[in-house]
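Below is one structure, written out as C-alpha cells, with a few remarks after it.
The values are calculated or read from the model by the stated rules, or taken from the named source; none is laboratory data. What you see is a predicted model; the values in this text were computed from it and never measured. Note that we place each Cβ from the backbone using ideal geometry, even for glycine, and neighbour counts take in every protein chain shown.
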Amino acid sequence: MLRNSFSHGAILAILTVGLQASGGPVPTPGPHATSAPAESSSSSAARREIETLRGQVARAPDDDELRRRLAIALYGARLREEAIEQFEILAKRKPTDPRTLLDLALAYGSGARVDDAVATYRRLLDVSPGHAVALHNLGNLAYKGGDATAAAEWYQKAIDSKPDYLLAWVHLGDALKLGERFKDAYRAYEKVLELEPRTPEELEAYHDSLYKLASLDLAMGAVDRARELLEELLRASPEHGSAYYAYGQVLLRLGRPAEAQRAFERHASIQARKTPTSPIAADE
C-alpha cells in the first residue's frame with residue numbers, strides 16, 4: 001500500500017479534516033469514471049462547486065477558509081497545479097501555521113515537486129518540532145528516492161513522536177526490508193499487529209502487515225507460520241489478492257497442489273477485477 005506520501009484519496013481526507021470539524025462543506029472528490037467517456041454527475045458537481053468557490057474567493061479574497069476550500073476542491077478534481085497556487089497564497093499569508101504548511105507540502109508531494117515538498121515539511125518541523133505526519137511523509141519521500149536508511153530514520157522519528165502511529169510502523173518495516181534488515185523489519189510488522197486500526201487506510205496497512213510477515217516467514221522457510229498468518233489474513237480480508245498468491249506458494253510447499261491451484265485462480269480472478277479500464281482509473 002505504499003507509496004505515495006499518501007494516496008490521492010488519503011491526502012484529500014487529510015486536507016478536509018478541519019472543514020468537517022467546523023461543519024463546513026466537504027469538497028466533492030474528482031471524477032472516478034471507469035468506462036463511459038461522458039461527464040459523470042459527480043465530476044459535473046465538482047466543476048460547479050469549483051466555479052462557485054472561485055466566485056466566492058473573487059468576492060472575498062481575504063477569506064482564508066474559502067480559499068482553502070477552493071484549493072481542496074481543485075485538488076479533489078486533480079487540478080493540482082491550480083490547487084498548489086491557492087495553497088501557496090495561504091502559506092504566504094500564514095507562514096507559521098502548521099495546517100497550512102501541511103496542506104502545501106501534501107500538494108507538492110502529490111504533484112511530484114519533491115524538493116518543494118521536503119522544504120515545506122522542514123518549514124513545518126521548524127514551526128512544530130515532532131510533527132508526526134511531517135516526519136512520516138519525509139520518510140515516504142526518502143523511500144521513493146530509494147534511500148532506505150534515511151527513510152527508516154524519518155519513520156523512527158515519527159514513531160518516537162507518536163508511538164501508536166500505525167502507518168509509520170508499517171513503512172518502517174518496508175524501509176528496513178528494503179535495506180535488507182529483515183529481522184528488524186519483521187519486528188516492525190509485528191508491532192503493527194499490536195495496534196488498533198482506526199481508519200480504512202490503517203486497516204489496509206494492518207492487513208498488509210500480515211501479508212508481509214507471512215512473506216518473510218515463507219522466505220525464511222517458516223511455512224507453517226506463514227500459512228497461519230495468511231489464513232488469518234484471508235479470513236479478515238477475503239479480497240486480498242496477493243495473499244491468495246502467497247497462500248498458493250505455501251500450499252505447494254506443503255504438498256497440496258490442488259488447493260494451491262485454487263488459490264492461484266482466486267488471485268488471478270481478483271487481479272482481473274482490479275485492472276483499470278480507463279486512464280482516470282489507472283491514475284489512482
Of the residues that make up the stretch 102-110, is at least one out of contact with any Leu (no Cβ under 7 Å at 6 or more places or on another chain), in contact (Cβ under 8 Å) with a residue 40 or more places away in the chain and not hydrophobic (A, V, I, L, M, F, W, C)? yes
Please name all residue pairs, on different chains or six or more residues apart, with Cβ atoms under 7 Å, provided the first residue is in the stretch 248-259 and is surrounded by 15 or more Cβ atoms within 10 Å (Cβ to Cβ) and the second residue is outside any loop (DSSP other than H, G, I, E, B) and among the acidic types (Asp, Glu). 251/259
Within the stretch 206-224, the residues that are within 17 Å of residue 244 (Cα to Cα) and either loosely packed, with under 14 Cβ neighbours inside 10 Å or of a type in the set (Gly, Ala, Ser) (or both) are 209, 214, 215, 219, 224
Is it the case that the stretch 87-99 has a residue that's touching a residue at least 60 places away in the same chain (Cβ under 8 Å), out of contact with any strand residue (DSSP E or B) (no Cβ under 7 Å at 6 or more places or on another chain) and assigned to a helix (DSSP H, G or I)? yes
Here are some conditions: (1) under 23 Å from residue 86 (Cα atoms); (2) in a loop (DSSP other than H, G, I, E, B). Residue 126 meets all but one. Which one does it not meet? (2)
For residue 108, only one of the following conditions fails: (1) within 28 Å of residue 65 (Cβ to Cβ); (2) surrounded by fewer than 21 Cβ atoms within 10 Å (Cβ to Cβ); (3) of a type in the set (Ser, Thr, Tyr). What is its number? (2)
State whether the residues of the stretch 131-138 include one that is outside any helix (DSSP H, G or I) and either among the β-branched types (Val, Ile, Thr) or at pLDDT 95 or above (or both). yes
